[in-house]
Amino acid sequence: MIVFALLILVTTLVYVYVKWRYTYWSKLGVPYPEPVFFFGNVLEAFTMSSHISSLCEKWYNNYPTYPYTGYYKLLNPAINLRDPDLIKDVLIKDHFSFHDNEQHFNKRFDSLMMHNPFVASNDSWRKGRTVLTPLLTLLKVKSFHPSIVDSCEKLTNYLRTLPPNEDVEAKSLIARFATQNVMRCLFSLDTKCFTETKNEFLDLGTNIFKPTSWSGIKLMIMSICPMLRDIMPFGFVPAYVGEWFRCFVKELKEERLKSEQHQQDFLQMLLSSVDKYDINEAELAGYALAMFVDSYETSSGVLGFAIYELARNPDIQERLYEEITDVLAKYDGEFTFEALHEMKYLENVIYETMRLDVVDALISKICTKEYTLPLIEGQKEPVTIYPGTAIQISTRALHMDPKYYPDPETFDPNRFTEEERRERHKAVYLSFGEGPRMCIGIKFALAQTKAGLMSIVRDFKVTISPNQKPVVMDNRASIYHARHGLIVNFTPRTKTK
Ligand code: HEM
């Protein structure tokens, strides 16, 4: 009897406590979607029937007149931003109140990932950014150009070996290209991933990013349950991948210390910075892993979707082909770094792909210093938020807002001519983020994706396969991934010019 009474008491107290937590936003006059007991507003993300980024997109669209809205991440109040001026302040002007990304990994099981500037905070973030940024300048990326050209040749040679009308999944194809190219530019390595069906390098990226129910659970814990992140007995990156990178970088370092001949690659530049920045073994391996992780999945996603969009839009594909042949003709057919730089329409195609099929659909920050939000309709006083409050910015919602991009479902690279870019609000295009935590790999990412797309369109016509299913997001993936793939066919072009 006493046990039963205690049970009722505890249940009542829990119920009252949870209900009380859900009064936070209403007391402050902040609009929010109705929470579900205990799960708040993220139940669909928990059951994986929706992605957290899709939920934020929905809330953005449901409250068109507010600069921001509240929601509940389980029991915790969180914010979803929508006004570009406020977004700009959070990412740039008031960066010091939001200097950390929300995605924090497990310190014990993701020890190498903790050196990735995307995950790191404070001094560790500052050090990582200071070491890595100078290694990714336009000049340094230019020095990777011969390696990129070589990877592009391997890609097009591989496509030539395929039987006519063979169905190809664009993202898996580009995962091979990205693995080959990233490993080549980082470590001067030929991975042979275009010739071997079972390939250890290809497995690295697949094992980190392949969406599975397990990866979905890990992602959910990392993005929704911060209190579980540090106690869970596993990391985001499988343990073997971390260990593989640790041994691999150590061996390469020892080899290079013995050798007289020095490669011109990322690792060599990193090794030259060891004394200047006092980089230890774990940081060295961590930075190398960071460059692989940060460039592999994002670039494969962007290039995979670019191929798909060109297949869906044959006129745009032909216009791009014309630009490619015209510019290459000026360089006697040679694919130089300068030629690539001159292909403006090609760059616009990539930017428009990143708008319409934004791979990183959500930017998540955490409040690190008390911050007062702008006053909203009906409020007497503005709301102050405190350290620990999660802040979400739905990149996809901004990119699909007809106010900034009329007819947003249409793929139109002309949205990214110089004038259009100049006139647009800085915070409504966030494919690479903005402010002091903006992506540091933009030049490398663009060089790699532009070169890959240029080589494909120069040599092949791409069409959508009759077996392509409607594109839906895989809710188990960390970044935008088409659940049923992007199935296309490649037909070699007969040279006309
Ligand atoms: C098309 C490919 C890429 C896309 C779409 C992309 C996108 C992004 C985005 C959205 C962020 C977060 C920005 C923020 O929170 O404000 C980011 C951060 C970052 N990216 Fe990229 N990225 C790409 C390629 C790369 C490459 C190739 C590298 C390195 C070689 C790289 C390295 C990083 C790093 C280190 C950060 C963390 C920066 C910091 O927190 O200080 N990314 N990227």
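Would you mind calculating the gained length between Thr494 and Lys250 on full extension (0.36 nm times residue separation, minus the Cα-Cα distance), in nm to one decimal?
83.1 nm
So how far apart, in nm, are the two label points at Met227 and Ala282 if each is 7 Å from Cα heading toward Cβ?
Taking the simple label geometry, Met227 and Ala282 are separated by 2.8 nm.
HN-Hα J couplings of the stretch 390-404 from phi, Karplus 6.51/-1.76/1.60, θ = phi - 60°, integer Hz, Gly and Pro as x?
Residue by residue, the stretch 390-404 yields 7, 10, 10, 10, 7, 4, 4, 5, 5, 5, 10, 7, x, 5, 9 Hz.
How much length is gained on full extension from Lys27 to Arg126, taking 0.36 nm per residue of separation minus their Cα-Cα distance?
Length difference between fully extended and current span is 31.8 nm.
May I ask which residue of Thr410, Tyr17, Leu328 lies farthest towards the positive end of the charge dipole of the chain, with charges of +1 (Lys, Arg) and -1 (Asp, Glu) on Cβ and the Cα centre as origin?
Tyr17
From the phi of every residue in the stretch 114-127, what ³J(HN,Hα) in whole Hz does the Karplus formula 6.51 cos²θ - 1.76 cosθ + 1.60 yield, where θ is phi - 60° and glycine or proline is x?
Rounded to whole hertz, the list is 5, 8, 5, x, 4, 9, 5, 10, 6, 5, 5, 5, 4, 5.
Averaged per residue, what accessible area in Å² does the chain show with a 1.4 Å probe, protein chains only? Could the numbers behind the result be given before it?
Values: 22840 Å² over 497 residues.
Per residue, the chain has an accessible area of 46 Å².
I want the local charge near Tyr405. Using Cβ-Cβ distances under 11 Å, sum +1 for each Lys or Arg and -1 for each Asp or Glu among the other residues.
-2
For a quick protection proxy, order the peptides 107-118, 239-250 by their average other-Cβ count within 10 Å, most packed first.
Details: 107-118: 20.4, 239-250: 16.6.
Per-residue Cβ counts within 10 Å, averaged per peptide and sorted highest first, yield 107-118, 239-250.
Place the peptides 476-482, 381-387 in order of packing, highest mean first, counting for every residue the other Cβ atoms within 10 Å and averaging per peptide.
476-482, 381-387
Please find the FRET efficiency linking Glu419 to His95, where r is the Cβ-Cβ separation and R0 is fixed at 41 Å, and quote it to the nearest 0.05. Could the numbers behind the result be given before it?
On the way: r = 29 Å, r/R0 = 0.70.
Approximately 0.90, to the nearest 0.05.
Mind giving me the FRET efficiency for Gln268 and Leu6? R0 is 56 Å, r the Cβ-Cβ distance, nearest 0.05 is fine.
0.25
Let's test the formula: R0 of 56 Å, r as the Cβ-Cβ distance of Ala329 and Asn61. What FRET efficiency results, to the nearest 0.05?
With R0 = 56 Å, the Cβ-Cβ based efficiency is 0.75.
Net charge near Lys250: determine it from the other residues with C-beta under 12 Å of the C-beta of Lys250, scoring Lys and Arg +1 and Asp and Glu -1.
The answer is -2.
Just name one of Val149, Thr161, Phe305: the one whose Cα is farthest towards the positive end of the charge dipole of the stretch 2-492 (beta-carbon charges, Lys/Arg +1, Asp/Glu -1).
Result: Phe305, furthest along the dipole toward the positive end.
Using a 7 Å offset from the Cα along the Cα-to-Cβ direction at both Phe234 and Tyr17, what is the distance between the two label points in nm, to one decimal?
2.9
Measure off 7 Å from each Cα along the Cα-to-Cβ vector at Leu257 and Asn165, then give the distance between these two points in nanometres to one decimal.
5.9
Round to a whole number: what % of the accessible area of the chain belongs to carbon and sulfur, probe 1.4 Å?
Percent of accessible area from carbon and sulfur atoms in the chain: 57.
Answer with one residue from Val488, Cys225, Thr133: the one whose Cα lies farthest towards the positive end of the charge dipole of the chain, charges on Cβ with Lys, Arg +1 and Asp, Glu -1.
Working it through, the farthest residue towards the positive pole turns out to be Cys225.
Quote the relative contact order of the chain in percent (integer), defining contacts as alpha-carbon pairs under 8 Å separated by 6+ residues.
24
What number in nm² do you get for the stretch 59-188 if you take the convex hull of its Cα atoms and divide its surface by four? Working shown, then result.
Details: hull surface 54.4 nm².
The Cα convex hull of the stretch 59-188, projected and averaged over all directions, gives 13.6 nm².
Residues with beta-carbon under 10 Å from that of Ile363, excluding Ile363: net charge, scoring Lys, Arg +1 and Asp, Glu -1?
So the environment of Ile363 carries a net charge of -1.
Could you give log10 I(q)/I(0) at q = 0.09 Å⁻¹ for the chain, computed by the Debye formula over C-alpha point scatterers of equal weight, without solvent?
-0.66
The values are calculated or read from the model by the stated rules, or taken from the named source; none is laboratory data. These figures come from a predicted structure and were not determined experimentally. Here the Cβ is made from the backbone with ideal geometry for all residues, glycine too, and neighbour counts use every protein chain on show. All accessible areas refer to the heavy atoms of the entire protein, side chains included, with ligands and DNA or RNA removed. Shrake-Rupley method; radii C 1.70, N 1.55, O 1.52, S 1.80 Å.
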